[in-house]
Amino acid sequence: MNTRFARRILAVSLLAGFAVLFLCPSVTQAQTGATGAVTGTVTDPLGGPVANVLVTVTNKGTSQARKERTGADGVYKFSLLPPGDYRVKFTATGFRTADIESVTVTGTVGLNQVLARQSASAAPHAPDPCTSGHEFATTDCTLTWHGVTLYGAYDVGVGWVSHGLPENGYNYEGESLVNRNGYQSRFLVAPNNLQQTGLGIRGKEEFLPGWSIVFNGSTGINPQSGLLANASATQTANNGLPRDSYTFAIDGARAGQPFNDEIYGGISSTQFGTLTFGRQRSLGTDVMLLYDPAGGAYAFSYIGYNGTMAGGGDTEDSRWDDAMKYRLTYGPVHFGAMYKFADGSGGCYSPLATWTAATCTPESAHNNAYGFNLGGAFHKFSADFVFQHYNQAISVLNPLLGPASPASTSLGYDQSTTDSINTNPINGPNLIATNNTVYGIVTDNNAMLFATKYTWDSFKFFAGYEYIWQNNPSDPLGVGASDQGGYIMSGVEDNNLDSEKLVNIWWAGAKYAIDSKTDITFAWYQQRQNDFRIPACPTPTFRSSCAGTLNEVSLYSDHHFTKRLDVFGGIAYSYVTGGLAVAIPHGPGVPYFHNSNFAPTVGGRFAF
């Protein structure tokens, strides 16, 4: 048994256990006839690797073309090429296009390429558009017309969870992670496992030599329901219900906005970088997607499922509204900076224990934020550092509690469907109606993040660490303050922290490429928090302000039938301890129904 056949048998054995793949035909096909390969590294004139270079090899006899992009290490590889004469083309933004007219492939051909930097007067290369239905089906060509590109994905599967809830059509993250209200094992439709289902449109149009207008708009859609991704609606749908009647509720940055991922525009220069404005992914989200072994996959990644790490302390901040973002790449080094302007309403605030609608003071929003990113790549190694600061960050942990919920004065402050809450319940008539509203804990957050990646042969190794410190807001929010997506907070808690809260997040993992179409990924994630309660926490722990941990491990395999179509299968196991195992963070607290979750998932994805 040759090595290639043994590797494919390993992939088939793993994925067949999830009842997803039928690889026998492709295995047979791969073994017929001699094949060759073209591989190499693309560098700039200084010897630094050039990432995201589009490499196209075209068989001159059949006109069949294949495309690959270089990774952060500048490496590309084409396997299983029929023997013949090939044309090879290298294209990248900011560099001159390089063409090699003839490369004879009879075995493995090593082909390194140095790309010259593009002068200010040279026109940037546009992505190659699809020219036929066959090319669309078999390559990763773009659906581009006059510089405007339509893109998207559809990702859906089936899964089983040991401790889940009935499905919620607004939930876009699935149920792979341990949930505070999960209480039953169940089979379910698993949405958006490796990638968020959705649509997007982007464009780039040159108006002067080396200068272009750029724009991008994208949104997430839930494949199981057809609804826009909406974390806030998963909360409001459960307001006032008893916990054992909840459907699955989450917190997140997508709240039913028409463009719940990104919507921005700006200007780009081949020499001076790119400046954009609008709703954009945070710098932490950008780095997470690059350095997470699972690439932010909801089904298999804690830091992808929960945006605490990407948002620098709160998952809603993994995307910033009304934000300006600057990016510059020079050789192997890149720099980024981001600033968010304050927006929305600060609500009506009162520090009084017995307050009324007449005694609270209207507040302005002070939810500005800023951050920067510095990183680079050297041969097969890359690393990034990110700092982020966010004022008046909002965390929505639970639906509003009502008469049927476990709400009582013994819990301290009720997340109430009957009263407006300014840390304390209102005295008298409500300030605003509590229907279709949320309850938020408000903090000022800082975060420092470092992540690294290394490629060795068929392996990619990943690791990262983030340190987060949170304090009660210097400018409090009040009842009626704006949350994302147009939602309003009828309950606000500005003094949840007795002392500074410290959060540490680690992760590590590896991805192994069995061949050019199949890989296996293993990942481990951990989040820890300190004891920020005064006085110190009792034993056993019954408060969310006590020290605690969350752990998740995952293993999955992904097989690509084509550039656009892949199938996957894997498992994730997560559990919580200590203060992170408290479901309702008030008074003595209410514990999770179950502290762990086991979640196998299989599914498929089509991307364009």
Task: For the range 273-397, alpha-carbon Rg relative to the globular expectation (2.2 N^0.38 Å, N residues) - done: 1.30
Open item on the list: Just to confirm the number: angle between the C-alpha axis of helix 3-16 and the first principal axis of the chain, 0 to 90 degrees, nearest 10?
Closed with: 30 degrees
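Mean projection of the alpha-carbon convex hull of the range 118-226 over all orientations, in nm²? Write out the running numbers ahead of the final one.
Numbers: hull surface 39.5 nm².
The directionally averaged projection comes out at 9.9 nm².
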TODO: For the chain, calculate the relative contact order in percent as a whole number, restricting contacts to Cα pairs under 8 Å that are 6 or more residues apart.
DONE: 13 percent
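Can you compute the charge dipole magnitude of the range 202-314 about its Cα centre, using +1 on each Lys and Arg Cβ and -1 on each Asp and Glu Cβ, nothing else charged? Give it in debye, rounded to the nearest 20.
Values: 6 positive and 9 negative charges, 23 e Å.
So the magnitude is around 120 debye.
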Open item on the list: Let me check the size of the range 411-549 from its C-alpha atoms; what are the radius of gyration and Dmax in Å?
Closed with: 21.0, 69
Open item on the list: As a test question: what accessible area, to the nearest 10 Å², does Val178 have when a 1.4 Å probe is rolled over all protein chains in place?
Closed with: 10 Å²
- [ ] Provide Rg over Rh for the range 205-294; use the alpha carbon set for both Rg and the Kirkwood Rh (inverse mean inverse pair distance).
- [x] 1.14
Task: Per residue Cα convex hull volume in Å³ - calculated over the range 493-608 - done: 140 Å³
Open item on the list: For q values of 0.15, 0.16 Å⁻¹, compute log₁₀ I(q)/I(0) with the Debye formula on a Cα-only model of the range 438-502, without solvent.
Closed with: -0.63, -0.67
Task: Volume in Å³ per residue [convex hull over Cα atoms, computed for the range 55-109] - done: 82 Å³
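Counting pairs of alpha carbon atoms under 8 Å apart in space and at least six apart in sequence, what relative contact order in percent does the range 144-265 give? Show your work: numbers first, answer last.
Numbers: 276 pairs, mean separation 34.5, N = 122.
Reported as a whole number, the value is 28 percent.
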Open item on the list: Once each part is reduced to its C-alpha centroid, what is the distance from the range 533-608 to the range 414-444 in angstrom?
Closed with: 28 Å
TODO: Enter the accessible area of Tyr454 (Å², nearest 10), with the probe set to 1.4 Å and all protein chains included.
DONE: 100 Å²
Task: Distance cut-off 19 Å, percentage of C-alpha pairs in the range 164-318 lying past it - done: 58 percent
Task: Phi-based couplings in Hz for the range 533-538 (Karplus 6.51, -1.76, 1.60; Gly and Pro marked x) - done: 8, 10, x, 4, 5, x
- [ ] Taking the dipole about the Cα centre of the range 245-350, with the C-beta of Lys and Arg at +1 and of Asp and Glu at -1, give me whichever of Tyr291, Pro332, Met309 is farthest to the positive side.
- [x] Pro332
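Give me the dipole magnitude in Debye, nearest 20, for the range 255-409 about the Cα centre, with unit charges on the beta carbon: positive for Lys and Arg, negative for Asp and Glu.
Working: 7 positive and 12 negative charges, 59 e Å.
Taking the Cα centre of the range 255-409 as origin, the dipole is about 280 debye.
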TODO: For the chain, state what percent of all Cα-Cα pairs lands in each successive 10 Å bin, counting from 0 Å until the bin that includes the largest distance.
DONE: 3, 15, 26, 26, 16, 9, 4, 1, 0
Task: Net charge dipole size for the chain [Lys, Arg +1 and Asp, Glu -1 on Cβ; Debye, nearest 20] - done: 1780 debye
Open item on the list: Accessible area of the chain with a 1.4 Å probe: how many percent of it is carbon plus sulfur?
Closed with: 61 percent
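Given a 1.4 Å probe and heavy atoms of the protein chains only, how would you sort Thr247, Thr601, Thr104, largest accessible area at the top? The partial results should precede the final answer.
Values: Thr247 40, Thr601 10, Thr104 90 Å².
Sorted descending by solvent-accessible area, the residues read Thr104, Thr247, Thr601.
Convex hull over the Cα atoms of the range 66-175, averaged projected area in nm²?
Numbers: hull surface 49.2 nm².
Taking a quarter of the hull surface, the average projection is 12.3 nm².
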Open item on the list: Per residue, how much accessible surface does the chain expose to a 1.4 Å probe? Answer in Å², no decimals.
Closed with: 40 Å²
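The values are calculated or read from the model by the stated rules, or taken from the named source; none is laboratory data. All values derive from a computational prediction rather than experimental measurement. Note: ideal-geometry Cβ built from the backbone for every residue, glycine included; neighbour counts use all protein chains shown. Ligands, DNA and RNA are stripped out before the accessible areas are found, and what is left, the full protein with its side chains, is counted by its heavy atoms. Shrake-Rupley method; radii C 1.70, N 1.55, O 1.52, S 1.80 Å.
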